[in-house]
Each structure stands twice: as C-alpha cells, then as structure tokens.
Amino acid sequence: MREIVIGGAQMGPIQKADSREAVVARMTALLDQAIAAKCDLVVFPELCLTTFFPRWMMEDQAEVDTWFETQIPNAATQPLFDRAAAANVAISFGFAELTPEGRHFNTQILTDRNAEIIGRYRKVHLPGHVEYEAERSHQHLEKRYFEPGDLGFPVWRNLDAWMGMLICNDRRWPEAYREMGLQGVELVMLGYNTPTTNGQGGNEDLEKRIFHSTMSMQSGAYQNSCWVVGVAKAGVEDGHGLFAGSVIVDPDGMVVEEATTDGDELLVHACDMDKALFGKRTIFDFKKHRRIEHYSRITSQTGVIYPDGTAG
Ligand code: CDT
C-alpha cells in the first residue's frame, strides 16, 4: 500500500480587485485545514492567484502582464511555500507565468515535501479565441494571452508515486491523459476555471456542463488506471459564474470525493497508489493491447471534415 492523503483545495471566486496577498491567505487557510487532516499533498485550481482574467478583453500588454507572475515563489506566495515546507506537505497550483524571455504560459507547478518545485506543466490545449467576438455571451481569450505549453506531458516521481498535471480544458482531451498513461502515471492533478454557461450557445444547462467535466476526468482515470484530482475555482467573479464540481476520482473511474459548495472547500481522500496497478496490468495493459500501427492519424491530423462536407 502506497497511501497519499490528498487535499483537493477548491477555491471560491476571486474578484478583479482582490490582492495576491489576500488570495494566498485563503490558500494558506485551506492548507492549514489540509495539514490538520494529515494531507500529504494539496492541489489548488488553475490560475488560482487571480480572477480568471481571460474573460476580459485587454489591448494594452502592460495591463495584461499585471496578471502574470515573473517568479514563483515570489513575495506574495512565499508564505504558502513556507507553511507547506514547515508541515512537509507537497503542493500544486496554477498561475499565469511570464518567463524571463517574455513568453506567456498558463502554468501549474508541483513541489516536493520541502516546497521545492520539482515539476512544471504548461497548458497545451488552450480554449477560446484571440480577438474580441461580439457574438459570444462572454469572452474567453486564453488564445490571446497565452501560447500553448512547450513542455509536453511529463510525469515526476514524488511521494513514491508517478505524478502528472493537466490544466482545465486539457481534461477533455484523451490524448493528454494517454501521454502520461504511457509513462505510468498514477496521479493526475488538475485545476479548472469553467464558466457556468457556454458563451457560444448550445443546449447545455449547468448539470450537463458539470457532467461533461466529471465524465472527462472519470474516463481519463479509468482508461489510464490512475487517480485524478480535479479542483475548481468556482462561484461568481465580477458577475461571471464559474462552476464547482471538484472531484477526486479513483483508478476505476469512480468519484470518491465531490465538492458540495461553490466556495473555498477542501476535499480529503486517502489515495492508495497501488490501486492503480490492477488496471495497468489487466484491461489497460498497454504493451499487450495497444495497436499503434492504427494510430498514426492521431499525430498527423488535427482537423476533420464535418458530416455536411465542410472542413473543420
Ligand atoms: N479555463 C478553461 O480551460 N476553461 C474551459 C472552458 C472553455 S470555453 C471556451 C474548459 O474546458 O473548462
């Protein structure tokens, strides 16, 4: 048995006017709850130091850059790292990263028990659009403010397990989980900011939107026989709703913990990493059952011809 007690730290809304220091104080309070619950690892949401700023159209790059961190840890986040190190708890959280070369990424980091950063993932599947689109009920400008991640889907050995990260929209793409599954991943940590409504219309109520989110994580967990911890930033940010629905999913694809609020809330579950082994050695024994001679289209083609004959 390789048990990791995991804290899924869902966060409630962060308003535009909220300071990084105020947000980190909330994160530290969640971390304190996790320490009291004897957690070994705490996972926080995507872009969790600020409001979900890609909903706002900005033309001035200097203004855009105010939402980014040039260094992590920095003065505002150091108290979180200090608290985690003192308690020997590993942490993972998302933020907007501005590199010394001036590159912009939607990033998540992972630390060891000493709060040393041992893993960095940059979101690959950026949703949304580049220019203002008036026909949308709300903007989703991730493609404007970030470039796609350049690090692939690595996994790291941490707390005696193989761990990887995904960010929000990545959770809907089976290729992302499989890349890590092929490296033996046992735990996928991911955070999300997902609007309560589809800005492009469609027949989606909130129940269906949460269903799609949870189903995607359950499928990724089951099909790669790994744990998935998915944590939301939720609630109403400056009039814009984000759904909650944070979950911990086991390697059978079963939801074992689920958030009940749309505010700051800690999910706790003792996750036995050895539970990932059965599926990996049986139904999803990749070496025995995968047929890579039929998969070349996956990496050679992006779009598709729609059923009406138009090109996607
Ligand atoms: N943050 C993020 O990736 N959100 C997306 C919503 C995209 S709608 C244009 C998600 O997949 O949840």
**Request:** Answer with one residue from ALA232, HIS269, GLY279: the one whose Cα lies farthest towards the positive end of the charge dipole of segment 210-312, charges on Cβ with Lys, Arg +1 and Asp, Glu -1.
**Result:** GLY279
**Complete:** In debye to the nearest 20, the charge dipole size for segment 265-306, taken about the Cα centre with +1 at each Lys and Arg Cβ and -1 at each Asp and Glu Cβ, equals 340
**Prompt:** Can you pick out the pairs among LYS38/LYS143; LYS143/LYS275; LYS123/LYS275 whose Cα atoms lie more than 32 Å from each other?
**Reply:** LYS38/LYS143; LYS143/LYS275
**Long-range amide H partners of THR194 with built H, under 5 Å** = LYS233, PHE243
**Fill in**
Rounded to the nearest Å, the spacing of the alpha-carbon centers of segment 273-305 and segment 30-79 is 34
**Request:** Calculate the dipole size of segment 71-143 relative to its Cα centre from +1 charges on Lys and Arg beta carbons and -1 charges on Asp and Glu beta carbons; express the result in debye to the nearest 20.
**Result:** 180
**Message:** Under the rule a/c < 1.5 gives rounded, and otherwise a/b versus b/c splits prolate from oblate, where does segment 244-312 land using the Cα gyration tensor?
**Reply:** oblate
**Message:** Keeping all protein chains in place and using 1.4 angstrom, which order do LYS143, LYS38 fall into by accessible surface area, from largest down?
**Reply:** LYS38, LYS143
**Inter-label distance, nm, simple model (7 Å from Cα along the C-beta direction), GLU3/ALA17** = 4.6
**Request:** For GLU237, enumerate residues with amide H under 5 Å from its amide H, sequence gap 5+ or separate chain, H modeled in the peptide plane.
**Result:** LEU242
**Request:** Quick one: compute the contact order of the chain, relative version, from alpha carbon pairs under 8 angstrom and 6+ residues apart, as a percent.
**Result:** 21
**Prompt:** Given a 1.4 Å probe and the protein chains all in place, what does the accessible area of LEU206 round to, in Å² to the nearest 10?
**Reply:** 80
**Message:** Using a Förster radius of 30 Å, what is the FRET efficiency between PHE278 and ALA37 based on their Cβ-Cβ separation? Nearest 0.05, please.
**Reply:** 0.65
**Message:** Just to confirm, what accessible area per residue do you get for segment 1-118 at 1.4 Å probe, in whole Å²?
**Reply:** 38
**Asked** Starting at 0 and stepping by 20 Å, how many percent of the alpha carbon pairs of the chain end up in each bin?
**Response** 34, 59, 8
**Item:** Distance between modelled label sites at ASP160 and ASN74, nm, 7 Å Cα→Cβ extension
**Value:** 3.8
**Asked** What is the gain in length, in nm to one decimal, between ARG297 and MET58 on full extension, counting 0.36 nm per residue of separation less the C-alpha to C-alpha distance?
**Response** 82.3 nm
**Request:** Treating only the Cβ atoms of Lys and Arg (+1) and Asp and Glu (-1) as charged, compute the dipole magnitude of the chain about its Cα centre; round to the nearest 20 debye.
**Result:** 1020
**Request:** Give a residue-ordered list of calculated ³J(HN,Hα) values for segment 168-185 (Karplus: 6.51 cos²θ - 1.76 cosθ + 1.60, θ = phi - 60°; whole Hz; x for Gly, Pro).
**Result:** 6, 4, 3, 5, 8, 10, x, 4, 5, 5, 5, 4, 7, x, 6, 9, x, 4
**Message:** Tell me the per residue accessible area of segment 137-243 using a 1.4 Å probe; a whole number in Å² is fine.
**Reply:** 36
**Request:** Give the ranking of ILE118, ILE283 by solvent-accessible surface, highest area first, calculated with a 1.4 Å probe.
**Result:** ILE283, ILE118
**Request:** May I ask you to give the percent of accessible area on the chain that is carbon plus sulfur, with a probe radius of 1.4 Å?
**Result:** 53
**Fill in**
Taking the alpha-carbon centre of each part, the distance from segment 112-145 to segment 204-243 in Å is 16
**Prompt:** What is segment 90-174's relative contact order, in percent, from Cα pairs under 8 angstrom and six or more apart in sequence?
**Reply:** 25
**Prompt:** Which order do HIS269, HIS294 take when ranked by solvent-accessible area (1.4 Å probe, heavy atoms of all protein chains), largest first?
**Reply:** HIS294, HIS269
**Message:** Could you report the accessible area of CYS168 in Å², rounded to 10, computed with a 1.4 Å probe on the protein chains as they sit in the structure?
**Reply:** 10
**Asked** What distance in nm separates the simple spin-label points at GLU175 and MET254, each placed 7 Å from Cα in the Cβ direction?
**Response** 3.3
**Asked** In terms of Cα to Cα distance under 20 Å, which lysines are near enough to LYS280, apart from those fewer than 8 places away along the same chain?
**Response** LYS288
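The values are calculated or read from the model by the stated rules, or taken from the named source; none is laboratory data. Just so it is clear, the structure is predicted and the values come from calculations on it, not from any experiment. When we count neighbours, we look across all protein chains shown, and the Cβ atoms used for this are built from the backbone with ideal geometry, even at glycine. Quick note on the areas: whole protein, heavy atoms, side chains included, nothing else; ligands and nucleic acids left out. Shrake-Rupley method; radii C 1.70, N 1.55, O 1.52, S 1.80 Å.
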